[in-house]
Structures are given as C-alpha cells and as structure tokens.
Amino acid sequence: MKALRKLSVTSAVMSFLLIFTGGLVRVSGAGLGCPDWPKCFGRWLPPISVDQLPPGIDASQFNLTLAWIEYGNRILGMVVGLLVLATAVLAVLQAKRWKQIWVPAVFAAVLIAYIGWQGGQVVAAALEPLLVSAHMIGALLVASLVLYTAQQAHYVGHPEAEADSGYPRKVSRWIAVAWGAALVQSALGTQVRSALKMLMDAKPLAGENVWLNAVGPIRHVHETLGLIVAGLAVHIAVKLLRRSKQASPLVVQAAWALGIVGVLQFLLGVSMLVVSYADILKLFHLWGASLIVGLLLMLYVAVRQNRKGEA
Amino acid sequence: MKKTGFLIAAGLLVVVLAVFSTLVLRQAKTSKAKLPVYGEVPEFTFTNQDGMPFGRAQMLGKVTIVDFFFTRCQSACPIMAREMGELYRAFEDSDDLQFVSISVDPGYDTLAVLKAYAAANGVHDARWQFLYASVPNVVDLSVNGFMLAADRLPMGHSTKFALVDREGRIRGYFNALDAKPMAIIRQQIKQLLEEPWSAPEAPAESAHTAKDQDQRLAFK
C-alpha cells in the first residue's frame, strides 16, 4: 500500500504539472508546433533543423522552438499516462477491497488515454476552441481523480488521520459551493478564451483592448465570479486553520496552499486587468485555477473523512 | 516544521516554473519573429482586372499574399477564395497588406471575367488584385519566381498562398486547403506588418507608382 501511496502522489503532482505545460503550449502559441500526431513532422523525435525533415513534408511551417514546446508536452503526457496506468494497475492489485481507490484510479487511466488521443484531434482540427477547452478540462478531471485516489490510499493506510480533526460545521458546504463555482469559473474562462480567439481571427489588428471590450458580458461574469472564488478560497482556508479542533497536517498544508493560491489568483486577475495580459500571467492564471479546483477537492474529501470518523 | 517545508518546496517549484516558462515564452516569441526567407519575387508586370499594370513594383512597400487560381475551377479555388476573402475582410483596417490572385487560365479569365469574379468575392477596393498574363509568363512566375508547381494548367496550379514581405521577399507558404497553416497565417502576417524594413534603392518611385495605382483604382 505504501508503494501505491507514493505512486499515486507522484501521479497527482505530475498531472498538475502536465496542466502547466499544456498551458505553456497554449500561451506560447505552440499548439500547431507539430502539425501531425503522434509524430512531429513525420518523426518520432522532432527535427532539430529543416534538413532533417522527411521528404514530402511542408517545411514552411517548421519552427524548431514551437515544435519542441509542443512535443515536450506530449512527452510529459506520455510519462504521466504511464504513471497513471501504473497507479491503476497497482490499485487493482493491491487495493481490490477498497473501491474508493481502484475505481477512480482505473477511471483516470482510461480517461488519460482518451485525453492523449483527443490531443491528436485538437491538432487535426487546427486548435478548434471547443476541443482545446475539452482537452484542458479532461486533464483537470484526470488530475482530480488521481489526487482523490492518492488521498483515499492515504486514509486507508492512516485510518486515524482525520479522526480528531474537528473541522468547523458547514465548512464542507462552503467547500462544495466554492468547488462548483471554481469549475463554472474554469468553464467560463474557456468561453472567454474562445470568444477572444474568434475576435482575434476576425480583426487581427484591432488590439487587446478592442478584443477584450468586444468579448461582452461573459467577461464581467468571469471577473466577478473570479473574485468570489478567490474570496471563498481564502475564507475556507482561514476557517479551517483557525476554527478546526486539530486539523490534520494534510489539511493544514492544503488550506495554506489554498489561501495563498487564492490571494495570488486575485492578484494575477487584477494585474491582468490593470497592467497587461502578459503571457506569463495568463499561464499562471490558468494553472492557479486548476490548483484551486484540486485543493478544494482535497479539503472536501478530508472534511468528509473526518465526518465519517465522527459518525 | 513539516508545513513550512512543504510551503518552501511548493514556493521553490513555482519559482522554477516561473523562470522556466519565462525563458520558454521569450524563446517562442523570438522564434516566431524570425520568418525564413525563401527567395525574391522576380521582376514581372501583369495586368489587373481594371486593365492597369501590376507587378513586383506594386508589391514593394506592402506585405502581399499571392495565390494562383482560375475562375472556372470548382474544387480548390472556391476554398482558396473563401480563405483569401476572410483575410481580406479581417485585415481591412490595414492598407499595408494586399492580396494578389493570378489567373492560370487567361484563355477564359478575361479582364471582364476577373472583374466580375472580384465583385462576386466582395472586393470593393484596391487591396485585392486579380491579375492576367499569358500562360508562359504565369507558369514562369509560378515555377521560377514563387517556386510553386504549375503542371497541366489550369487544373495543376498550387493551392498554397505565398506570403511576401515589403521588400519583395517570399517569407512563408500556407496551404489554403489545410486548416493548420491557415490557423497561423494571421499571426505571421502581423509579424511581417510589424517587421522593420528598409526601402529599396528607388523607394520614392516604387511607392509613388503603387500609390498612384491605388488612387486610380479608387476613382474607378
């Protein structure tokens, strides 16, 4: 069980890193860095110069940097896929008695295989916005499932972990609300991005301010809900850290992380509104949203575990 | 202690990711700014749909997208015209970008036919030119000038758009029938529009000719 715990934690951390590199592909504009899939310009390793392009391949779209950014994400995706698969196999072998471990692990393995294949469809469809959004949400689902697996494996190994935590009443409700809001917020974010993409295609020279103003009310809903989610994240973190009888180390760490990410997300949002929509801000904004979703899920599971122990 | 260790490790990871991604994003931006040079557009002068001369001289000073087509074509050309039309409308705010479609079927595509085709595609200004020339001249320009195939015309013309910079250099090829190249052409057009350029040796004359051409067309 110890091996499963370690492997599932590694898979979870790597899954969230994969979301980061996926975001890096998007904001750097490297999504079509490899115009084919699964190979890149007809090779299993991307070319390092135009001379290495196989005959018959259109050389005019070759950009070494973009090809390697895109392929880096594919390689990491492959590594995470194998880790998640290994987690699922180990879960089925070692945790047959605990449905709460092997079911999400197997589901995550099936889903990540699908997401990998779907990445090829994203390329084939020339980064159609809906498919890009589905790819990102799928990756977030995989990360959440593996995180859930890791946490359940932890509780099976340490059944007393949340026994005396005494979390404040109703906090699970707040977490559930914040988690739902964070998911809606992520979906809204993808919609804002789709709208921006269409506007940028329709009027490439208009400039950022014109595009942003033309996005419409959905942008303001996204900004307002973003404020609410960040506020809720900080509120939940403070509540858990201050009002719990004896929060478990896992919850203390997750609550601190949630509070800090909540504040940083707020600052990133304000910077993007006031200063600029710099690519690096967009990247961390996207990643921060996925971390909030993961941390809220983790805290919810911990609080429920505590309630189970009390019952 | 454990909590502090975790937060320090997480903070360090974020710093490493921030530095790494900043470097990657910078490199990506630099690489996108460096569009290759495939060759020079040679001297040529054809006739546009209004009967005015149009050639390399009218391309200098502007970013130009060039394609080869014919009006009777039912397979690739409607898609090429649609893609070109989308770009024509998307970049209507810029007089520094122009579109040039060269007919490979001059036996049928007379100036009147080209003019009607332009109107049918919503062309209302001088930013999109439709050119007429004899078959040997068109083949020569396509094959030797733009390095685009031209076999058994009119069917065997290329389906690629050639992107030409303000100095008359070919900087990119985009297959109009493939959504992937068409997804990145806008960004590369912007790149070329922003690219600093030095005027050719006789800039005043060339620019003047092009400007006169625009004005003549505008009054028609």
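Values in this text are rule-based calculations from the coordinates and carry no lab data. Computed from a predicted structure; not experimentally measured. Methodologically, a virtual Cβ is constructed for each residue, glycine included, from the backbone with ideal geometry; neighbour enumeration extends over all protein chains shown.
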Inset, instruction - Being in a helix (DSSP H, G or I) and charged (D, E, K, R) is the filter; apply it to the range A:57-84 and report the residue that is farthest from the other protein chains (Cβ to nearest Cβ). - result: A:R74
Inset, instruction - Output yes when any residue across the range A:178-194 is closer than 30 Å to A:V84 by Cα, in contact (Cβ under 8 Å) with a residue 12 or more places away in the chain and outside any helix (DSSP H, G or I), and no when none is. - result: no
Legend entry - Among the residues listed as A:A153, A:A163, A:A126, the single one being away from chain B (no Cβ under 14 Å) and within 23 Å of the chain's Cα centre (by Cα): A:A153
Inset, instruction - With respect to A:E128, determine if the residue is under 28 Å from A:V192 (Cα atoms) and buried (at least 21 other Cβ atoms within 10 Å of the Cβ). - result: no
Inset, instruction - Output the number of residues of the range A:73-104 satisfying the condition of being of a type outside the set (V, I, T) and within 17 Å of the chain's Cα centre (by Cα). - result: 8
Legend entry - Qualifying residue in the range A:97-113 (condition: aliphatic (A, V, I, L, M), within 14 Å of another protein chain (Cβ to nearest Cβ) and out of contact with any strand residue (DSSP E or B) (no Cβ under 8 Å at 6 or more places or on another chain)): no
Legend entry - Total residues in the range A:252-265, condition within 11 Å of chain B (Cβ to nearest Cβ) and within 20 Å of the chain's Cα centre (by Cα): 9
Inset, instruction - Mind listing just one residue for me: the one in the range B:74-106 that is among the hydroxyl-bearing types (S, T, Y) and in a loop (DSSP other than H, G, I, E, B) and, of those, farthest from B:I184 (Cα to Cα)? - result: B:S75
Inset, instruction - State which residue is surrounded by the most Cβ atoms within 10 Å (Cβ to Cβ) when the search covers only the range B:8-30 and only residues that are at the interface with chain A (Cβ under 7 Å from one of its Cβ atoms) and not aliphatic (A, V, I, L, M). - result: B:S21
Inset, instruction - Determine whether B:F130 is closer than 20 Å to B:F70 by Cα, part of a strand (DSSP E or B) and under 11 Å from the mean Cα position of the chain (by Cα). - result: no
